[in-house]
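Report on the structure given below.
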Amino acid sequence: MSDNVNISQGSGTAVATHQDTSNIHHQKAIMEYEGATDPVMVSASNPFPVADKASNDGGGLPFHSHTLDTSGANISAGPARLYSFDAFNTNATTDAYVKFYNKDSGSIVPSSDTPFLGPYLIPAGTGMSIKFVKGIQFTTRLSARMVTGLANNVTISPAANDVIFNVEYKE
């Protein structure tokens, strides 16, 4: 079959380039993008250029904990952008909550510190994964704590190894 097919425009015809696959016509498109000097046929060997911002500038930094508790942890040393977190609650009966703080130093004080982001529920026996495409900016320091209740002043921690917590961030 030929590489071109005529399309009726109502009056006259136009020619569209296509590819015949099992007698089904698939229209081909030639893409132009900034930086290209000529239109280019996109293919597996010549893919459309897509910039992965995280990988172009070194990627995110990982943080991992299976013992995050009510006193929390300073994830970054200074201002940071949170891109994603995963939390998996291995306890079959007790829910957990993760709360993020934009705090300058020291431990998180449940009676007076207010979460900057969250709380996020990690139901008993399940997990969650959240990605922030453009990231959430923490202007002071990215910190987090894990508790078993929703209220800001809860001071009961999940048991060690109950919640697996992973963060991707960039300072």
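Just so you know, all these numbers are worked out from the coordinates, no wet-lab data involved. Predicted model, so just to flag it, every value in this text is computed and none were measured. Cβ sites come from the backbone with ideal geometry, for glycine too, and all protein chains shown count toward neighbours.
Summing Cβ point charges (Lys, Arg +1; Asp, Glu -1) relative to the Cα centre of segment 61-170 gives a dipole of roughly 380 debye.
For residue 152 and residue 77 in one chain, what is 0.36 nm times their gap in residues minus the Cα-Cα distance, to one decimal in nm?
That works out to 24.7 nm of additional length.
Each residue, residue 129 and residue 159, gets one label point 7 Å from its Cα in the Cβ direction; the gap between the two is 2.7 nm.
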